[in-house]
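Written below as structure tokens is the structure these notes are about.
The values are calculated or read from the model by the stated rules, or taken from the named source; none is laboratory data. These figures come from a predicted structure and were not determined experimentally. Here Cβ is always computed from backbone atoms with ideal geometry, including for glycine, and neighbour counts include all displayed protein chains.
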Amino acid sequence: MSFGGGPLAGQGILKHSDQRILLIEDSRMFSTALTFGLQTTYGLHVTHCATLKDLEAELQGGEGGFALAVLDLNLPDAPNCQALDLVVAHGIPAIVFTAAFNDRTRDEVMKRDVVGCIIKHQPESIQQVIVLVDRVLTSVGTTVLLAMPDRWERDALAGHLRRQRFRVVEALTGDEVSSMLASGTSVDIVVVDMALGDTGGAALLTRIRRQASEEQVAVIGLGTDPAEAAGFFDRGGNEFLAKPLSMPEFERRLFQVAKIHARVRALHRVAARDYLTDLFNRRYFFETGPRLVERSLSRNLSTCIAIFDIDHFKRLNDTYGHEVGDLVLKAVARRLRSFVGEEHLLARLGGEEFGILFNGLSIEDAGYFCDALRLEIAKTRVLADDEEISITISIGLALIAARESFDNYLNAADQFLYMAKSAGRNCVMSESKMMLLAAS
């Protein structure tokens, strides 16, 4: 039985609403209370199994993709931890929530590398489960980059974080950190030792902030001089801890930074979306585009930008009304999302205008892509007043070959879009296309 995030999930739906978890519990009281709490607090999608048979069926024939399982050790048809064994065999992190627990049981459970164990019938036990679920999902979804020169210290910290289910990557120098960020390595939090040899922690923080905003990457500093903290925060750091580290204090602060960072990123994702089409919006395109261009140019990769709009959209709105116009925009957006995917930056720039910033495509390859996209959009049909409306687009494509203002790139693509419309619409226009036309 699956439960989606209900109407009360408003405050938490931004946090874990894309996550699915298993709840394996035969008690109706506990299963109902936990399902309600997890839905309303975090917007989680909860799949409940009351028996081992239900669990086997779910894991064999269900959608899968579970981020976590909360389970009782003893079920009516599985009194000896069989459900836990099955969950672990499928690689799903598990939180044990059980009434049957003693030293022998504890030893058996810990051998299976569970992420936590909470005893039923204790005060606040359900709330403890809900808090622990948040903690585990936060760590599982967080990548920490450790930038520390001391290999022994770094390895010890990395091992501890991995046991807490964080994803960990490591760097010995500031140059390695910059290279990882420039290459697109997924990083949520950078832990910087202020004694980093080649740059120093403060200088590295400045470099990080040139490459990634606070919404993208949080930075924690580690240092022996408390006076360094003020300057670290001034440069855009999120937290500072004194060495030698107290591991419980470091863990508490890291989880706090991770939780805040996840919430900020979730809010940023919502703010970055166009309300009608659910594509990225103009603001996000202009915020993210310059960083993607800089990344491509610094790696000597070719890149291009395309601006396109729906042909005769104003006439369509005047003829059929704005409701049909919205249907057309949504239909085009669905085609675009499916065709473009996540490899390139796609956004609705306003009205019927859209933009694509290509990731590492030559002008020739981007031209082929745009022509294929144009043909794909031409397959779209929208029904209005029992009449089928066909849709075409005109595209302007510009090469990004040198460092200029982002507006300059868009203006160049916009000029080619104007030429595409002048050439009769439903076509792609670029500098190379114009040269071919001039030569023919």
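Is at least one residue of segment 353-365 among the hydroxyl-bearing types (Ser, Thr, Tyr) and more than 27 Å from LYS433 (Cα to Cα)?
No - not one qualifying residue is present in segment 353-365.
Is it the case that LEU329 is modelled with pLDDT of 90 or more, over 24 Å from the mean Cα position of the chain (by Cα), surrounded by 17 or more Cβ atoms within 10 Å (Cβ to Cβ) and more than 17 Å from GLY396 (Cα to Cα)?
yes
Residues that are aliphatic (A, V, I, L, M): which helices (runs of 4 or more DSSP H) entirely in segment 308-419 hold 2 or more of them?
Once the helices (runs of 4 or more DSSP H) in segment 308-419 are filtered for at least 2 residues that are aliphatic (A, V, I, L, M), what remains is 322-340, 363-377.
Quick one: which residue in ARG252, ARG210 is surrounded by fewer than 17 Cβ atoms within 10 Å (Cβ to Cβ), of a type in the set (D, E, K, R), under 22 Å from the mean Cα position of the chain (by Cα) and in the same structural domain as GLY159 (by TED's automatic domain parsing)?
Only one candidate passes the filter, namely ARG210.
This table checks each residue for (1) surrounded by 18 or more Cβ atoms within 10 Å (Cβ to Cβ); (2) assigned to a helix (DSSP H, G or I); (3) among the hydrophobic types (A, V, I, L, M, F, W, C).
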position: VAL129; (1), (2), (3): yes, yes, yes
position: VAL133; (1), (2), (3): yes, yes, yes
position: SER139; (1), (2), (3): yes, yes, no
position: LEU145; (1), (2), (3): yes, no, yes
position: PRO149; (1), (2), (3): no, no, no
position: TRP152; (1), (2), (3): no, yes, yes
position: ASP155; (1), (2), (3): no, yes, no
position: HIS160; (1), (2), (3): no, yes, no
position: ARG165; (1), (2), (3): no, no, no
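From (1) assigned to a helix (DSSP H, G or I); (2) within 26 Å of SER178 (Cα to Cα); (3) modelled with pLDDT under 85, pick out the condition that doesn't hold for LEU301.
That leaves (1) as the condition not met.
Which of the residues spanning segment 245-273 are in contact (Cβ under 8 Å) with a residue 12 or more places away in the chain and assigned to a loop (DSSP other than H, G, I, E, B)?
LEU245, ALA272
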